[in-house]
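Working notes, structure below.
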Amino acid sequence: MSASHPATRFFSGSAILSLILALGVLTIGGCPSVPPDGNGGGTTEKIFGGAETCMACHAENHSDWSATRHAGAMDTLAGIGQDANESCVGCHSVGFGSGGFTSVAATPELAGVQCENCHGAGAAHAADPGNLELRPVINMSASLCGECHNDAHHPTFEEWSLSKHGSALEGLISSGFAQDTCLECHSQDYRYAIERQAEGDMDIVVPTTETASLSLECATCHSSHGGVDQEHQLLKPIASLCGECHTQGEEALPGNTPHHPQLEMLLGTGAVQEDGSALDKTHTHSTLAATDEGQACAQCHVVSHEVEDPNEGNPNVTGHTFNPFDPEITTHQADQYTGCTMCHGTAETADALRTVLQGDVVSRLAALAPYFDVEDALYIDPAGLDEADALLLANAKFNYQFVGADGSSGVHNPTNARAALDVAESIVATLSGS
Ligand code: HEC
Ligand code: HEC
Ligand code: HEC
Ligand code: HEC
Ligand code: HEC
Ligand code: HEC
Ligand code: HEC
Ligand code: HEC
Ligand code: HEC
């Protein structure tokens, strides 16, 4: 579990108990917090209403949710004769052990993963929807999903906790350069508030760098209710999902510094020719992201594998570390070349290609660095150049930074990376007279 995200440390002990605690404690800005039973102190005989109760007023959420695997989670157990197994039903039903589901026969309306698993018991709210004290909570913390999406069978939460997405807010704040607008790609509660505001909810409190509390959670990529066309309840096709943040953006042009241009690099765009016009260089890797279908970034970055008899020391891998290439993460990683073998045959082949390419790109970047380093004797000072040459130099610098900022040392698009470096080297050779 991540030591960095306070919300993840909070949860331990019984899954159900901490789920209930979570519902009471982790609310987002602007939402009233409610006591653990979700009833806000109201008095009703039965605190959990069941999804059918909610349908009357939240028809769209209900119909979206009905088509998700959550809705059928008890049917899944029934299908294998495990719907009476007490060690299984807790994560496949509502409120088991805390006043909700007891058995399929007695409480059929609480079978499956439902609204109240995520929003807290809501019978009192359903009976008195105008009462703000009784409003169900909206909880977007990954630790809520992690109450069930954990353990060796599906350690999605554990892996996410190890990922940079799990600490993206902390990473931003600790950089010392944080501004509120940075939260757009670094914090889920900020993203959610902005979205609600765009939809016309002017009461929502938009978090700042001081108040934002959520990093990039499950809900950043997954729709909690379904109703999307993508597999696995993903909010968008994968290339646009990852590419919404992993992009240098349209304003990144020579003269500016490109940041995280992974989408552009993969697609073969983003770099410039000597005259500053676009350098378009696609590669077979680009085809992974060229359409709105397909695995795109997930082909190489979200790779899962199942093991024979999953246990703590030998868990399944869900791919939610997002970086199987990170040597710092040693547990919960599939083999880093799982995503490559489909095209490259064996891991050895992919590894050999990667080693040669990355070695080459890294050394070419290192050879270019001195020309842009004020401290270095080879530094080319733009102030000493005429306007045309200064523009040329800016183009070279942009390509040099583009290849570096991509972070894959050429792998995302070997053709694009090499061509961008060719341009930079040629300009530098001309201007330095070498
Ligand atoms: C009789 C109608 C009614 C029923 C039944 C009902 N709700 Fe609501 N619910 C509302 C209204 C009205 C609001 C406020 C909508 C708004 O402010 O835009 C609301 C708001 C919510 C919110 C959003 C809170 C927020 O901060 O935006 C959630 C979550 C919610 N309900 C969940 C449920 C769940 C779960 C059930 C079933 C247990 C349920 N509701 C049943 C009428 C109802
Ligand atoms: C109460 C336990 C529980 C909670 C809380 C929970 N899930 Fe699930 N989830 C399940 C179970 C069980 C299944 C599998 C149901 C089945 O296939 O029968 C599932 C399935 C899914 C799937 C479908 C997987 C696929 O291959 O299509 C997604 C996506 C998912 N959950 C995401 C989430 C997210 C995101 C959250 C938090 C916002 C969350 N879940 C919270 C128990 C839970
Ligand atoms: C800690 C919570 C939890 C418990 C306990 C639990 N499950 Fe699940 N179960 C899940 C989640 C989460 C998923 C969805 C996993 C995914 O798609 O990544 C799931 C999915 C499943 C599936 C769908 C097939 C699959 O693997 O995708 C089956 C079958 C299943 N569980 C059976 C069981 C049985 C049998 C038990 C008891 C021995 C059990 N579960 C106990 C959380 C749990
Ligand atoms: C797996 C967890 C999960 C389940 C199951 C779930 N919700 Fe939600 N719900 C969320 C999260 C997270 C948000 C806030 C982010 C978003 O809008 O996707 C939310 C937002 C809402 C909102 C406020 C925004 C809106 O869409 O109007 C309402 C109302 C709501 N849910 C009702 C329901 C109802 C009714 C059900 C059951 C039919 C349900 N939810 C099932 C997690 C869940
Ligand atoms: C368009 C989305 C987006 C915006 C806006 C954004 N970032 Fe990021 N940031 C990212 C992505 C994606 C990564 C990871 C990229 C990588 O590792 O190549 C990242 C990584 C980082 C990192 C850690 C990695 C590193 O470079 O050391 C820091 C620190 C950071 N951003 C700071 C900021 C600051 C400060 C701002 C606001 C001035 C900001 N970010 C705005 C998307 C964004
Ligand atoms: C950065 C985006 C992102 C985040 C954050 C994220 N996921 Fe996913 N998730 C994906 C993608 C992409 C896939 C599909 C992978 C594929 O198609 O190979 C996926 C697949 C899944 C699946 C279905 C595949 C499986 O393993 O059974 C489940 C369940 C799931 N995610 C749950 C979660 C939960 C729970 C969290 C939070 C702990 C989470 N995800 C966080 C992007 C994300
Ligand atoms: C909402 C914005 C956002 C989305 C969507 C997103 N990311 Fe990220 N990603 C980030 C940020 C921000 C970081 C850097 C966090 C840090 O270092 O503090 C990051 C980090 C990463 C890293 C680790 C980089 C490193 O330096 O180790 C990888 C790999 C990654 N993301 C891949 C993906 C993939 C694949 C997807 C789609 C399935 C995706 N991301 C979706 C914002 C996002
Ligand atoms: C063909 C496989 C492949 C595809 C497709 C792919 N990547 Fe990568 N990615 C890699 C490899 C290999 C690395 C280099 C890892 C290393 O050397 O540590 C990498 C590096 C990264 C890094 C930097 C990680 C770090 O440690 O600094 C980020 C961020 C990233 N990729 C995000 C993405 C995003 C977002 C997409 C989709 C737009 C994507 N990748 C598509 C294979 C791929
Ligand atoms: C969709 C199929 C596909 C996938 C998936 C894929 N590659 Fe490639 N890759 C190719 C093709 C085709 C080429 C170009 C022909 C060649 O050089 O073998 C290539 C070229 C390369 C090159 C450049 C060789 C050179 O020096 O020009 C490297 C390095 C590479 N791939 C690494 C990887 C890695 C690492 C992965 C997984 C993380 C991966 N590829 C996944 C199809 C793919």
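The values are calculated or read from the model by the stated rules, or taken from the named source; none is laboratory data. Nothing here was measured: the structure is a model prediction, and the numbers come from that model. All Cβ positions, even for glycine, are placed from backbone atoms using ideal geometry, and neighbour counts span all protein chains on display.
Assorted remarks:
- Just one of the listed residues (T338, T349) is touching a Ser or Thr at 6+ places or on another chain (Cβ under 9 Å) and modelled with pLDDT under 95, and it is T338.
- Cross-chain or 6+ apart pairs with Cβ under 6 Å, the range 257-268 first and touching a residue at least 24 places away in the same chain (Cβ under 8 Å), then surrounded by fewer than 23 Cβ atoms within 10 Å (Cβ to Cβ) and assigned to a loop (DSSP other than H, G, I, E, B): P258/A252; H260/H246; Q262/H246; L263/H246; L263/T247; G268/D280; G268/K281; G268/T282
- Extreme residue, nearest to ligand 7 (Cβ to nearest atom), among residues of the range 296-324 that are over 20 Å from K164 (Cα atoms) and not in a loop (DSSP other than H, G, I, E, B): H305
- Any hit, the range 168-186, residues being in contact (Cβ under 8 Å) with a residue 60 or more places away in the chain and within 16 Å of ligand 3 (Cβ to nearest atom): no
- Checked against the criteria, E184 does not count as within 15 Å of ligand 5 (Cβ to nearest atom) and assigned to a loop (DSSP other than H, G, I, E, B).
- Test for Y371: is it part of a loop (DSSP other than H, G, I, E, B), out of contact with any strand residue (DSSP E or B) (no Cβ under 9 Å at 6 or more places or on another chain) and of a type outside the set (A, V, I, L, M, F, W, C): no
- When G146, G171 are checked against the criterion of being small (G, A, S), farther than 24 Å from H119 by Cβ and over 14 Å from the mean Cα position of the chain (by Cα), a single residue qualifies: G171.
- Here L134 qualifies as more than 27 Å from E312 (Cβ to Cβ) and either near ligand 3 (Cβ under 9 Å from one of its atoms) or at pLDDT below 95 (or both).
One line per residue, one yes/no per condition, for (1) surrounded by 15 or more Cβ atoms within 10 Å (Cβ to Cβ); (2) in contact with a Gly (Cβ under 8 Å, 6 or more places away or on another chain); (3) within 11 Å of A51 (Cβ to Cβ):
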position	(1), (2), (3)
G72	yes, yes, no
G81	no, no, no
N85	no, no, no
A106	no, no, no
E116	yes, yes, yes
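- Filtering the range 95-129 to residues that are on the phi < 0 side of the Ramachandran plot and among the small types (G, A, S) leaves S98, G100, S103, A105, A106, A111, A121, G122, A123, A124, A126, A127.
- A search for C-beta distances below 6 Å between a residue of the range 125-144 that is in contact (Cβ under 8 Å) with a residue 24 or more places away in the chain and any residue that is among the polar types (S, T, N, Q) and within 13 Å of ligand 4 (Cβ to nearest atom), counting only pairs 6+ apart in sequence or on different chains, returns A126/T53; V137/T27; M140/Q188.
- Taking the range 325-367 as the range and being touching a helix residue (DSSP H, G or I) at 6+ places or on another chain (Cβ under 7 Å) and in a loop (DSSP other than H, G, I, E, B) as the test, the residues that pass are I329, H332, D335, Y337, G339, C340.
- Residue tally, condition in contact (Cβ under 8 Å) with a residue 40 or more places away in the chain, in a helix (DSSP H, G or I) and surrounded by 17 or more Cβ atoms within 10 Å (Cβ to Cβ), over the range 397-417: 11
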